[in-house]
Structures are given as C-alpha cells and as structure tokens.
Amino acid sequence: LKYVAEELQADKEVVLAAVKHNSHVLKYVAEELQADKEVVLAAVRDLGYVLRFAAKELQADKEVVLTAVKVNGYSLRFAAKELRADKEVVLTALQQNGLALEYAAEELQADKEIVLAAEQNN
C-alpha cells in the first residue's frame, strides 16, 4: 500500500484485503481508515503491535486494545493511558508477555496480582 495511489489507500475494500495479507500496511492507509474499527481490528488480530498506527480514539477503544494485547502484550505500550490503568487489559497483556508490565500504569505496577501475573509469563 505504500506505493499505491492515495485514493486506493482510502479504499476500504483494498485496505481490508491488504491488511489481511500483511497487517503492517496499516501504517500506510489513509487516516480515516486508521480510525475505522473494522480495519484496525482486522490488523491487530494478526499483528497486535500495529495498534501504534491506529487512530487515537481506537487506541482508547477497549475491544481494539484487548484484541491487540492478546496477540502481543507489548501492544499495551500504544494503548491510551486510561486503558494502561485498566486491570483487565493489563492482565490480558501480561498473560501474553510478562514484560508488558513496563507499560502498565504505576498503580497497577504496585498491585500484587498484576506483578504475580507478570512473573508467571516472564
């Protein structure tokens, strides 16, 4: 998608097909599709880390973030601040990768249950 015409970078059908083939192309899609929940969910289901290219409002969408951190715990890094303080989101990230504790809110880094979950997956 990096090299296609801008109108195709904004074509949802083209973008969905491309994202399903290679999620990393989310980086190159039009901004309005980086804010499209269907497109972003399709991308993060395969490669959670591409949450970094999603629009801010989807980085604050709990369903999108949970989907991303299930695939890659480090995706927590790109979640909105309030979701990095959400115990369910953080525990889900830690179940995938205990090192994601680095990106949890400070109050959760002091939570015994959270720390134990991190230790189990690191």
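The values are calculated or read from the model by the stated rules, or taken from the named source; none is laboratory data. All values reported here derive from a predicted model rather than from experimental measurement. Note that we place each Cβ from the backbone using ideal geometry, even for glycine, and neighbour counts take in every protein chain shown. Side chains included, ligands, DNA and RNA excluded: accessible areas come from the protein's heavy atoms. Shrake-Rupley method; radii C 1.70, N 1.55, O 1.52, S 1.80 Å.
One table, with the values for the structure above:
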| quantity | calculated |
| --- | --- |
| Accessible area (Å², 1.4 Å probe, nearest 10) - Lys87 | 70 |
| With 5 Å bins from 0: P(r) over the chain, alpha-carbon pairs, percent | 2, 14, 23, 20, 15, 10, 8, 5, 2, 1, 0 |
| Percent breakdown of C-alpha pair distances by 10 Å bin, ordered from the shortest bin, for region 1-70 | 25, 58, 16, 1 |
| Most mobile of Gly48, Gly73, Gly98 in a GNM of the chain (Cα contacts under 10 Å) | Gly98 |
| Charge dipole magnitude, Cβ of K and R +1, D and E -1 - the chain, Cα centre, debye nearest 20 | 320 |
| Heavy-atom accessible surface of the chain: percent carbon and sulfur, 1.4 Å | 47 |
| Accessible area (Å², per residue) of the chain, counting only protein heavy atoms and a probe of 1.4 Å | 55 |
| Mean Cα-pair separation over length for region 8-49, i.e. relative contact order, pairs under 8 Å, 6 or more apart, % | 42 |
| Degrees, to the nearest 10: 12-21 long Cα axis against longest axis of the chain | 50 |
| Set of lysines near Lys56 by C-alpha distance (under 16 Å), chain-local residues within fewer than 8 positions excluded | Lys27, Lys37, Lys81 |
| At R0 = 22 Å, FRET efficiency that the Cβ-Cβ distance of Gln120 and Lys87 yields, to 0.05 | 0.90 |
| Potential extension, Leu99-Ala17 segment - 0.36 nm per residue separation minus Cα distance | 26.3 nm |
| Acute angle (nearest 10 degrees) that the helix 62-71 long axis makes with the longest principal axis of the chain, alpha-carbon atoms | 80 |
| Per-residue ³J(HN,Hα) for region 48-56, Karplus 6.51 cos²θ - 1.76 cosθ + 1.60, θ = phi - 60°, Hz, x for Gly and Pro | x, 4, 6, 3, 4, 9, 6, 4, 3 |
